[in-house]
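**Student:** Below: one structure in structure tokens.
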Amino acid sequence: MCALNIKSFAAADNCPLAVTRLNPALQNFTPYSAGLSIEEIREKYGVERIVKLASNENPLGASPMVQETLRKNTGSAFRYVQSGNPKLAEAVAQYFGVPQECIVLGNGSDEVIDLLIRAKAVAGVHNVLAFRPCFSMYKVQSALCGVEFRQVDVDENFHFPWDKFIAAADENTAIAFVTTPDNPSGYCPPVAEIEALAKRLPQSCLLVVDEAYMDYTGNEEAYSLLSRLNEFPNVAILRTFSKSFGLAGMRLGFGVMHPQLADYIRRIRPPFSVNIMAEFAGKAALEDQTFYRTGLQCVQEERARVSNALEALGCFVYPSLSNFIMFTLPQNCQLTAQSCFEALLQKGVIIRPLTSYNLPKNLRVSIGNHEENGIFLAALQELLHD
Ligand SMILES: *Cc1c(COP(=O)(O)O)cnc(C)c1O
């Protein structure tokens with residue numbers, strides 16, 4: 001056993017790779033801010049039962065068919081997966097009704113976001129555009145690439161001010177990110193607005209529509225361009241297995257885009273970033289339609305229930321077409337959003353304060369299963385009526 005001790009390392013200011021000698025993009029770098037994990041809270045507060053409604057994971061867990069497939073295939077763990085995951089790409093193509101040539105699989109859609117930025121944007125020349133607030137990976141990856149990150153504030157009701165957005169784009173805008181339904185608000189614009197945006201942006205700009213939560217709208221034709229993507233060569237659509245397919249921990253997502261762009265991106269993708277277990281799990285998740293549909297139905301029913309219950313408690317609820325709800329506490333409430341979040345933690349319920357999105361008064365709760373939502377609502381009621 002090696003006995004290297006942390007104290008034997010030179011103090012930070014003696015480090016030969018002090019930050020001044022690293023990539024300047026790393027100075028003042030803000031990392032991705034993740035929701036709290038169950039283990040952290042169990043250790044800190046000593047609570048037995050933890051209800052985690054912080055990261056928009058599937059309320060029904062992982063599909064039984066996926067679990068069975070993973071158990072059966074553990075013996076393959078020593079093998080490299082087939083480079084580029086052609087079998088999985090084929091299954092995804094068939095399931096979503098798009099040509100396989102248009103698909104780029106990734107280690108979560110996070111990886112596809114990273115690849116798109118690196119493929120399109122040149123450090124010090126290009127910029128990337130998004131709304132504020134937005135999913136923080138767009139900014140994290142742009143910053144890492146040394147690319148200017150521009151943001152346009154959403155409206156008061158979290159709708160999208162398109163004219164301002166388009167005005168912020170110029171001939172050096174490599175990518176514009178839009179999230180539909182949006183995170184953290186749950187708002188989803190009608191597809192006609194995305195179509196108009198695609199036509200009005202400079203044609204050198206790639207419009208990336210992040211549809212991580214699209215299936216929760218219950219009406220993809222009304223909200224997604226996916227079925228007509230061939231008409232929009234400057235649009236890429238991102239989907240993920242992390243939410244409705246219940247595979248957040250396996251890390252599997254994909255982009256759908258013009259086949260030529262997809263070909264370039266596949267060439268720069270690390271060959272095995274979608275690992276062999278993720279490939280087994282992804283194929284099984286597509287096959288387990290019963291689990292998938294039950295999950296969607298659970299979210300749709302429980303979303304209405306949680307939303308009504310929050311309103312009955314006097315909270316302001318932003319209408320959501322996603323698997324989470326953003327809300328603010330009642331106006332006469334003594335608690336701040338942060339103290340409400342912390343008090344819920346002590347009761348074993350993890351939700352998401354939105355300070356990292358610069359929304360200190362707002363909270364976001366993922367839709368869990370019936371029992372979990374009941375525990376959350378009861379805990380919140382106790383806090384608000386004490
Ligand atoms: C959860 C989420 C994703 C999914 O990311 P993965 O890397 O696929 O897990 C993508 N975009 C947004 C806006 C999300 O909230």
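Throughout, read-outs are computed from the coordinates displayed, never taken from laboratory work. Note that the coordinates shown come from a computational prediction; the quantities given were computed from them, not determined experimentally. Backbone-built Cβ (ideal geometry, glycine too); neighbour counts: all protein chains shown.
**Student:** Taking the alpha carbon gyration tensor of region 1-68, what are the square roots of 5 times its eigenvalues, largest first, to the nearest whole Å?
**Tutor:** 38, 20, 16
**Student:** Could you give me the ³J(HN,Hα) list for region 289-306, computed from phi with Karplus coefficients 6.51, -1.76, 1.60 and θ = phi - 60°, whole Hz, x at Gly and Pro?
**Tutor:** Rounded to whole hertz, the list is 5, 5, 4, 4, 5, 4, x, 4, 5, 4, 5, 5, 5, 6, 4, 5, 5, 5.
**Student:** Further, regarding this structure: Any chance you could get the radius of gyration and Dmax over the Cα atoms of region 104-176, in Å?
**Tutor:** 12.5, 35
**Student:** Turning to a different aspect of this structure: With the cut-off at 32 Å, tell me which of the pairs K120/K164; K139/K361; K44/K87; K7/K120; K87/K164 have Cα atoms farther apart than that.
**Tutor:** As for pairs spanning more than 32 Å Cα to Cα, those are K44/K87; K7/K120; K87/K164.
**Student:** In the Gaussian network model of the chain, springs joining C-alpha atoms below 10 Å, which of I103, I166, I351 carries the largest mean-square fluctuation?
**Tutor:** I166
**Student:** In whole angstrom, and with the biggest value first, how far do the Cα coordinates of region 252-313 range along each principal axis?
**Tutor:** Largest first, region 252-313 extends 53, 24, 18 Å along its Cα principal axes.
**Student:** Follow-up. Name the residue farthest towards the positive end of the dipole of region 261-386 from the options V274, I375, V299, assuming +1 on Cβ of Lys and Arg, -1 on Cβ of Asp and Glu, about the Cα centre.
**Tutor:** Comparing the listed Cα positions along the dipole, V274 ranks first.
**Student:** Quote to one decimal, in nm, the extra length available between T30 and R228 on full extension: 0.36 nm per residue of separation minus the C-alpha distance between them.
**Tutor:** 67.6 nm
**Student:** Rg and Dmax of region 183-265, Cα atoms, in Å?
**Tutor:** For region 183-265, the Cα radius of gyration and maximum Cα-Cα distance read 13.2, 37 Å.
**Student:** Using a Gaussian network for the chain with springs between C-alpha atoms less than 10 Å apart, which of these wobbles most: L206, L354, L53?
**Tutor:** Judging by the Gaussian network model, the answer is L354.
**Student:** So how strong a dipole does region 81-161 carry about its Cα centre when Lys and Arg Cβ are +1 and Asp and Glu Cβ are -1, to the nearest 20 debye?
**Tutor:** 200 debye
**Student:** Just the number, please: percent antiparallel of the DSSP beta bridges in the chain, rounded to the nearest 5.
**Tutor:** That works out to approximately 45 percent antiparallel.
**Student:** Now for a different question. Could you tell me the center-to-center distance, by alpha carbons, between region 117-166 and region 78-113 in angstrom?
**Tutor:** 26 Å
**Student:** Continuing with this model, one more query. Taking every alpha carbon pair in region 151-305, what does the distance histogram look like in 5 angstrom bins from 0, in percent?
**Tutor:** 2, 8, 15, 19, 19, 17, 11, 7, 2, 0
**Student:** Hey, another quick one. How much length, in nm to one decimal, is gained on full extension between Q346 and C15, taken as 0.36 nm per residue of separation minus their Cα-Cα distance?
**Tutor:** That works out to 115.2 nm of additional length.
**Student:** Charges only on Cβ, +1 for Lys and Arg, -1 for Asp and Glu: so what's the dipole of the chain about the Cα centre, in debye to the nearest 20?
**Tutor:** 960 debye
**Student:** Ok, one more. Per DSSP H run of n ≥ 4, the term is -39500 (n - 2.57); total these for the chain, divide by its residue number, and report the mean residue ellipticity at 222 nm rounded to 500 deg cm²/dmol.
**Tutor:** Calculated at 222 nm, the ellipticity per residue is -11000 deg cm²/dmol.
**Student:** Can I ask one more? Out of F96, F177, F131, any idea which swings most in a Gaussian network model of the chain, alpha carbons joined below 10 Å?
**Tutor:** Highest fluctuation among the options: F96.
**Student:** Stick to Cα atoms and the Kirkwood definition of Rh, then tell me Rg/Rh for the chain.
**Tutor:** So for the chain, dividing Rg by the Kirkwood Rh gives 0.97.
**Student:** If amide H atoms are built 1.01 Å from N in the plane of the peptide, which residues on other chains or at least 5 residues away come under 5 Å of the amide H of V51?
**Tutor:** HN-HN under 5 Å from V51: V349, I350.
**Student:** Please list, in order along region 122-128, the HN-Hα scalar couplings obtained from phi with the Karplus expression 6.51 cos²θ - 1.76 cosθ + 1.60 (θ = phi - 60°), rounded to whole Hz, x for Gly and Pro.
**Tutor:** Result, ordered by residue: 9, 4, x, 10, 8, 10, 10 Hz.
**Student:** Can I ask one more? For region 1-117, what are Rg and Dmax over the alpha carbons, in angstrom?
**Tutor:** 21.5, 57
**Student:** With the alpha-carbon atoms as the only input, what is the per residue convex hull volume for region 61-217 in Å³?
**Tutor:** Considering the Cα atoms of region 61-217, their hull volume per residue is 149 Å³.
**Student:** Also, quick follow-up: Of the options L261, T336, L286, report the single residue whose Cα projects farthest towards the positive end of the charge dipole of region 206-338 (beta-carbon charges: Lys, Arg +1; Asp, Glu -1).
**Tutor:** Farthest towards the positive end: L261.
**Student:** Another one. Given points 7 Å out from each Cα along the Cα-Cβ axis, report the F96 to Q297 separation in nanometres with one decimal.
**Tutor:** According to this spin-label approximation, the distance is 2.6 nm.
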